[in-house]
1. On the given criteria, is residue 278 of a type in the set (S, T, N, Q) and under 26 Å from residue 182 (Cβ atoms)?
2. I'm trying to understand the selection: among the residues of segment 272-294, which are among the aliphatic types (A, V, I, L, M) and assigned to a loop (DSSP other than H, G, I, E, B)?
3. Mind listing whichever residues of segment 159-198 are surrounded by fewer than 17 Cβ atoms within 10 Å (Cβ to Cβ) and charged (D, E, K, R)?
4. Is there a residue being surrounded by 18 or more Cβ atoms within 10 Å (Cβ to Cβ) and either modelled with pLDDT under 60 or more than 20 Å from residue 123 (Cα to Cα) (or both) anywhere in segment 37-46?
5. Since residue 236 meets every condition but one in (1) touching a Ser or Thr at 6+ places or on another chain (Cβ under 8 Å); (2) surrounded by fewer than 22 Cβ atoms within 10 Å (Cβ to Cβ); (3) of a type in the set (Asp, Glu), which condition does it not meet?
6. Might you check whether a residue that is under 30 Å from residue 128 (Cα atoms) and among the hydrophobic types (A, V, I, L, M, F, W, C) occurs anywhere in segment 231-253?
7. Grab the helices (runs of 4 or more DSSP H) fully contained in segment 55-130, keeping just those with 2 or more residues being aromatic (Phe, Trp, Tyr).
8. Which members of segment 115-135 meet the condition of being on the phi < 0 side of the Ramachandran plot and among the acidic types (Asp, Glu)?
Amino acid sequence: MSDSDIEALRKALVDQVAGDRRAGSTPTGGVSFTRGITVPSDGLLGDEAEEPETFESAMRVLLGVLADDAVPAQQKATAINRLGAAAFQTERFAPFHAEFVERLRDLAVGDDKELRLLALDRLTLEDDEVGKGLLRESLEGSRAPLVPPATATRLLARDEHGDAVPLFRELARSAPAHVREEAVRALAFDPESADLLASISSDRSEPNKVRELAGLSLKAVAPERFAQVARDVVLDDDEDDRHRTATLSTLTVTPEAAAAPGADAFRDELDRVKERSSSRALKSSIDRFAQARAPRTSEK
């Protein structure tokens, strides 16, 4: 099950609960949290229950599914997503929240890789310290990886406290390219990483994707610095034209570029780049940049 599948399933469940709530429905009015859940000792739940299902009874069943080693992984995955949807009913779910987190922590270190991903995904949404600690340990190498490193980085980037920033910086410097992509994304909220991001986005030896993402993060934390770096990239004829084009496109929507010293001189240089270049995409990007900018000082 991919990350996009997980997100789509979660959204569908949340939309279902929200829609039923707007219609005045409750679990006892037709929404079954346990429909299709199979428990070996009890048969099919939700379809053949002898008593009407209540929110509380449904939560107990779903938590029991997570605790039962005999239940198939797909059933546990369904239970996680339904519990996650139910958690949006904060007051009603409060009595079950602590047990849900404990069950997720157990699954996060279990044998099934899809359940590990689902559990860690949910734990990071809960800002759970244990879940975040497991991801840090995986990335630091102090335990066997629980999920792929790029996924671990993306999940850990949800941390609102910034505790993982030093780890993200290290990953941005030395990890494989697909992990570095996630690491530089995660630094988009850390102004102290501006020098590192500028260095990566300026380095022609770096993969273009990593450079572009580093540039976007630099734009977020230090737009004036990004404008300076981006100008140098665009004017360098030794740079890859595709990267120059992408960088100039980002520069076009950066207001700080127009206000930076030497804006007119940069436009003059762009005219010369356009004359030299054989890249139609780069030439078009230069035209769009010129159209988006105010007239040169000498033209006013």
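1. For residue 278, the condition - of a type in the set (S, T, N, Q) and under 26 Å from residue 182 (Cβ atoms) - is not met.
2. Restricting attention to segment 272-294, the residues satisfying the condition of being among the aliphatic types (A, V, I, L, M) are 273, 281-282, 286, 290, 292, 294.
Within segment 272-294, just 294 meets the criteria.
3. Matches in segment 159-198: 160, 163, 170, 173, 192, 195.
4. yes
5. (1)
6. There is no residue in segment 231-253 that is under 30 Å from residue 128 (Cα atoms) and among the hydrophobic types (A, V, I, L, M, F, W, C).
7. 90-108
8. Result: 121, 126, 128, 129.
The values are calculated or read from the model by the stated rules, or taken from the named source; none is laboratory data. Note that this is a predicted model, so its numbers are computed, not measured. Virtual Cβ from ideal backbone geometry, glycine too; neighbours counted across all protein chains shown.
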